[in-house]
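The values are calculated or read from the model by the stated rules, or taken from the named source; none is laboratory data. Bear in mind that the values here come from a model prediction, so they are computed numbers and not experimental data. A quick note on method: Cβ atoms are made from the backbone with ideal geometry, for glycine too, and the neighbour counts reach across all protein chains shown.
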Amino acid sequence: MSWNKLAALGDWSSVFPLKAVGIETHIVEDFSEAPKLLRKLAHSKEFGVIFVVETLHDYVADVMREFAEQDLPAIILIPKVSGSQGLGLSIIRETMKKAAGRDIMGEE
C-alpha cells in the first residue's frame, strides 16, 4: 500500500506510449469494462494517479465521482492521442469554480 505508482486507462494508441516513462498501462477494448477496471485500480491503493483517456469519461464518470472527495488516487482525464475533447479542462475549471467561488481560470 504505497500509492507511488501511476496508471493509465484507455485505448492502445493513447496509453501504450506512456509505458515508456514508467506508467502502468491498461488497454481498454470494451469500454463497458472500464468502470470495473478503474474501480479495481483505485481500490488497490497502489496508484497515486490514474490517468483516463477522455473517450472513457461517459463510462467511468460515476467511479470518478466516487473517488473525487478522496485525496488518493487522483483520477485525471487525458486527451486521446488524436486530440482533446476539452473534458479534462472543463472538469478542472468547474472544480476551481467550486473552490474559489468564481471562474479564476477565465475563458481563453
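A few notes on this one:
- Flag for Ala34 being part of a helix (DSSP H, G or I), within 13 Å of the chain's Cα centre (by Cα) and of a type in the set (A, V, I, L, M, F, W, C): yes
- Count of residues meeting criterion [surrounded by 13 or more Cβ atoms within 10 Å (Cβ to Cβ), polar (S, T, N, Q) and farther than 15 Å from Ala8 by Cβ] in segment 29-70: 0
- Extreme residue, modelled with the lowest pLDDT, among residues of segment 71-85 that are surrounded by 12 or more Cβ atoms within 10 Å (Cβ to Cβ) and small (Gly, Ala, Ser): Ser84
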